Amino acid sequence: METLKDRGERPRGEDGEKGEMEGEKEQAEKPTGGESEEGDRGQEPGGRGPKVQMNRRHEEEEGQGSPQTKKPLIDHSVKVASHYNSLQEVGLAARSRSKIFFMRNFNNWLKSVLIGEILEQVRGAGPAQQVSVLDLGCGKGGDLLKWRRGGINHLVCADIAGVSVEQCQSRYEDMKKKSHSEKIFSAQFINADCSKEVLSEKLDNPELMFDICSCQFVYHYSFESEQKADMMLRNACERLKPGGFFIGTTPDAFELVKRLEASDSLSFGNEVFKVSFQSKGSYPLFGCQYHFSLEDVVNVPESLVYFPLFQHMAKRYNMRLVLKQRFSEYFEDKVKKESHRSLMMKMMALQPFPCDEGGRQVTDSREEYRHAEEHRVRAGVQPPVQI
């Protein structure tokens, strides 16, 4: 997880466009079962996603070009859009029976904490101000409630999947109707491939600048090519205010490669998820594709994001890295705060082991829970433990 922060002045790039910033990239979330929010992207199990935070720089910094890499032969954006468009809406009851129920809740907790803390930083940077947010890859609107609780003033939601954008807007309209006298943020909804189209040209207000851009478990789709990855960065960063943040989550490429190399085949996973590569031993900077499937929620091609390269590319948009953490690291840091622990319990973000009477573990494989049993014995904890 990382945070990029925008630098203040926005030097012009090679094409004459303004653009460098710092953003903050944060851990991805999965839909909660304890809340009415629902994750829209298939989020990776096991805390694979690093949390990234970038902040727009206040000093000018010269951006450098990206290394040359070979271009992929196939564009997978249509396949990705088709997959998410075809996903059926499910209710809370169905989500609570899912094998990834606790994983979604845990990731949702991480994102809730991240969004809350970033909003505090934005508001702490100066006098009370109107806060505008860009949700890049908004899906069906899994974060709408978070932005409402954060008291923002305006939200722009953009996604490649038109059906998802329609559902996101519908959820927003329902939220407005149920808010009664409470005033909630205004919003615009855009159906666009943000790895190919310039988002600023589609804004209702051409002068709009954002305090935060949030991109949760979406950016890795753009690393199919250098051109797409750069356009996604441009959309995330060129409309950030000086000092604004780019926050998001993406799978950890190093962890994926490590697991692949340790596998006897070209795939790894368990009863819940599976990651399959076409080959091993050679990993191009762009277009290093793998196929990811997750419990009836995700079944799409994705691309590895080589983070040092991503960080290098972000300099072109005047971004500097503020924070980068894996989910496990972020959890260990934030769970120390009482309010965060309380929210975690409320959101049912941890799975009890052994499970409650009448309940069922995610998998029947004892090996998957070996670490929990070892922790219980080592720490002398009475069951159940929360994992």
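Read the figures in this text as sums done on the coordinates, not as results from a lab. The shown structure was predicted, so the numbers you read here are calculated from the model rather than taken from an experiment. FYI the Cβ positions are ideal-geometry reconstructions off the backbone, even for glycines, and counts take in every protein chain you see.
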Quiz item: So what is the diffusion coefficient of segment 208-273 in µm² per second by Stokes-Einstein at 25 °C and 0.890 mPa s, using a Kirkwood Rh over Cα pairs?
Solution: 174
Self-check item: Residue-by-residue Karplus 3J(HN,Hα) for segment 129-135, coefficients 6.51, -1.76, 1.60, Hz, glycine and proline x
Solution: 9, 6, 10, 10, 10, 10, 9
Quiz item: Using θ = phi - 60° and the Karplus curve 6.51 cos²θ - 1.76 cosθ + 1.60, what whole-Hz ³J(HN,Hα) does each residue of segment 192-205 get, with Gly and Pro shown as x?
Solution: 7, 8, 6, 9, 10, 10, 7, 5, 4, 6, 9, 6, 4, 10
Exercise. Let me know the shape class of segment 210-327, please: from the alpha-carbon gyration tensor, a ≥ b ≥ c as square roots of the eigenvalues, rounded when a/c is under 1.5, otherwise prolate if a/b is greater than b/c, or oblate.
Key: prolate
Quiz prompt | Shape box of segment 291-357 [Cα atoms, principal axes, largest first, Å] | solution = 53, 34, 16
Quiz item: Can you list the residues, at least 5 places off or on another chain, whose amide H is less than 5 Å from the amide H of Val218, using H built in the peptide plane?
Solution: Thr249
Quiz item: Say each of Ser200 and Lys176 gets a label point 7 Å from the Cα, pointing the same way as Cα to Cβ; how far apart are those two points in nm?
Solution: 2.7
Quiz item: Given labels modelled 7 Å from the Cα in the Cβ direction, how far is it in nm from Ser276 to Leu208?
Solution: 4.0
Practice problem: Filter the cross-link list Lys146/Lys334; Lys176/Lys202; Lys140/Lys336; Lys99/Lys177; Lys99/Lys140 down to pairs whose alpha-carbon distance in this structure exceeds 25 Å. | Solution: Lys140/Lys336; Lys99/Lys177
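Where does each of Trp109, Trp147 land when they are ranked from fewest to most other beta-carbon atoms within 10 angstrom?
Values: Trp109 28, Trp147 25.
Taking fewest neighbouring Cβ atoms as first place, the list is Trp147, Trp109.
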Quiz item: Which of rounded, prolate, oblate describes segment 256-300, given a ≥ b ≥ c as roots of the alpha-carbon gyration tensor eigenvalues and a/c under 1.5 marking rounded, otherwise prolate only if a/b is larger than b/c?
Solution: oblate
Self-check item: Karplus 3J(HN,Hα) series, Hz, for segment 147-152 with 6.51 cos²θ - 1.76 cosθ + 1.60 (x for Gly, Pro)
Solution: 5, 5, 5, x, x, 6
Exercise. For Gly137, list long-range residues whose amide hydrogen, built 1.01 Å from N in the peptide plane, is under 5 Å from its own amide hydrogen.
Key: Ala158, Asp159
